[in-house]
Structures are given as C-alpha cells and as structure tokens.
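Taken together, the values in this text are just the output of simple stated rules run on the coordinates, not laboratory data. Keep in mind that this is a model prediction, so the values were computed, not measured. Ideal geometry is used to build each Cβ from the backbone, glycine not excepted, and the neighbour counts take in all protein chains shown.
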Amino acid sequence: MKWKFLFFFTFLFFLTNCKEKQLYLVKVEGKQIAVSDSLVTNNDIDAFIKPYREHIQKDLSTVLSYAADTYSKTDGEFNTAIGNFMADAVFDEANPIFKSRTGKHIDMVLLNHGGIRSTLPKGNVTARTAFELMPFENSIVVVAMKGSQVNDLIQYLSKSKRAHPISKLKLVLNKDFNVIEASIGNNPIVADKTYYVATNDYLYNGGDNMLFFQPNDGLYVLDYKIRNALIDHFKKVDTIKPVRDNRFIQIR
C-alpha cells in the first residue's frame, strides 16, 4: 500500500507544479519611428499597390468644374461665398433624395463654419478639391423640428457670431446681435409647424455645442456624405462663382 500512497503524492506534486503560470504585464516600451525618405521602399508592396494608387490619383485629378475666383471662409462676418456655396450644394443635392424617399421637402440647411477645411482656389475644380474642403466622413441627415426648436437654432446663430453656412434661412441682426428678422423660404417661422432641417451627423450629435437638434419629431439618415454631395454638384455646374448675400446679415 505504501507504493500507492507514494504514487499518489508524487502525482499531486507534479500536478500542482505543472499548472500554467499566470503572466502579468509589468512594462510597455515603445519608440517613435519617423516616416521619411530614409525608410527603404518595399518594392514588392509598392508594385502591388501601384495600379490602385494610379487609379485613385486619376480619379482625384479629373477636372469637374472651374472656380471663377478664390473663396475663403474668412471673407465674411456672417455669411461667406464658400459657405453659401456648400450649404446651397447640400440643399440642391440632398433635397431630391429626401423628396423621393419621404415625399417631403427640406426646408433649410445648417452646416458649421469649422467644417470648411480649406479655401476653394481659383481654377480647375477636381474631386481632390472636395476632399480638401471636406476631409471628414460627415454624412447628411434631415431632422424634423418644430418651429420653436428652429428658434433655438436661430438664437444659437445670433450668439455665435460666426458665418455658419445656411441655406433657405434668412436672418437679420441689429447692432446688439438681437434677431430682428427670421424667415425660412421667405415665410415667417411658425412655432408649432414641423420643419425639415438638413445638417450633418456631427452637428446632430451635439458637435459645436449645437444641442437644439434633440429631441425632435424624427430623423432621416440619407447615407450621403457631404463630400459626395459636393462632388456631385461640381459635376453639374460648369463654373463655380458663389457670392456673399443677405441671407445672414447685421444692421449696425
């Protein structure tokens, strides 16, 4: 019997000592590797991606339209030519899609001044131009809002004192930045009427502190990026020549 006990205890010894040991992370080290011309090109990888790179470069360089002048988001206090162009382009391209799906019309558009990421230079306009203007993946959404919420939107614009791009909305401020005139489609805003406001998903989710979109009477996701709307608009317009107008002004 002794050998049985000896075997049993020997088995337990090996069993307890052969358990997998738990490992714990005690330190993480790293170093910065600069991406520069000093890095050696992997010829096999470069050859593999070359046809894709050339195809993309060709698409991005294709001329779609022509800009009559150079337009910057700093060329106006309350509305800018480039901001007006972008808001109007979103309306023109998104409204037919929204109407075909819902039978309704977009009433107005609101984008954000900070979303314009470059100038629109004079000369040929390409798809690359659209990527430079709007490098983000922001998509167009349409929000159903009561007129009372639209009034909150208007108060936001009057207090922000920035040229946030708008379309189909008209605002006039006095010298104290109080709203003295506001209309959508040249009609007064009715508090209990539902308006369909096109914007982007970033702003809808509270970006730039635009908290007036929620709650609402409905959200329509168009699955249509602002950048793609710009590209589609460039393809339709031979010459881009937007102007500053009276859609958002201050009377001093």
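Of note:
- Nearest-0.05 FRET efficiency for Asn151 and Asp176, computed from C-beta distance (R0 22 Å): 0.80
- When each of Thr129, Thr41, Thr102 is scored by the number of other beta-carbon atoms lying within 10 Å, the sequence from fewest to most is Thr41, Thr102, Thr129.
- Distance (nanometres) between label positions extended 7 Å along Cα→Cβ at Asn124 and Lys104: 4.3
- Acute angle (nearest 10 degrees) that the helix 226-236 long axis makes with the longest principal axis of the chain, alpha-carbon atoms: 50
- Asn228 versus Ser38: modelled label distance in nm, points set 7 Å from Cα along the beta carbon direction: 4.2
- By the count of other C-beta atoms within 10 Å, a proxy for reagent exposure, Leu64, Leu211 are ordered fewest to most as Leu211, Leu64.
- Rounded to the nearest 20 debye, dipole of the chain from Cβ charges on Lys, Arg, Asp, Glu: 700
- Straightening the chain between Lys161 and Val26 buys 43.4 nm, computed as 0.36 nm per residue apart minus the Cα-Cα spacing.
- C-alpha long axis of helix 147-160 to longest principal axis of the chain, angle in °: 90
- Charge dipole (the chain, unit charges on Cβ, about Cα centre) - positive-most of Ile251, Met86, Ile49: Ile49
- Rounded to 10°, Cα long-axis angle of helix 81-102 versus longest principal axis of the chain: 80
- Neighbour-count ranking [beta-carbon atoms within 10 angstrom, fewest first] of Ser148, Ser167: Ser148, Ser167
- Under-5 Å amide H pairs with Ile240, H placed in peptide plane, nonlocal only: Tyr66, Ala67, Ala68
- Pairs from Lys50/Lys235; Lys122/Lys235; Lys73/Lys99; Lys99/Lys225 whose Cα-Cα separation, in the structure shown, is over 19 Å: Lys50/Lys235; Lys73/Lys99
- Only helices enter the 222 nm calculation for the chain: every DSSP H run of n ≥ 4 contributes -39,500 (n - 2.57), and dividing by all residues gives -12000 deg cm²/dmol, rounded to 500.
- Each of Ser38, Val143, His105 was scored by the projection of its Cα onto the charge dipole of the chain, and the greatest displacement toward the positive side belongs to Ser38; charges sit on the C-beta of Lys, Arg, Asp and Glu.
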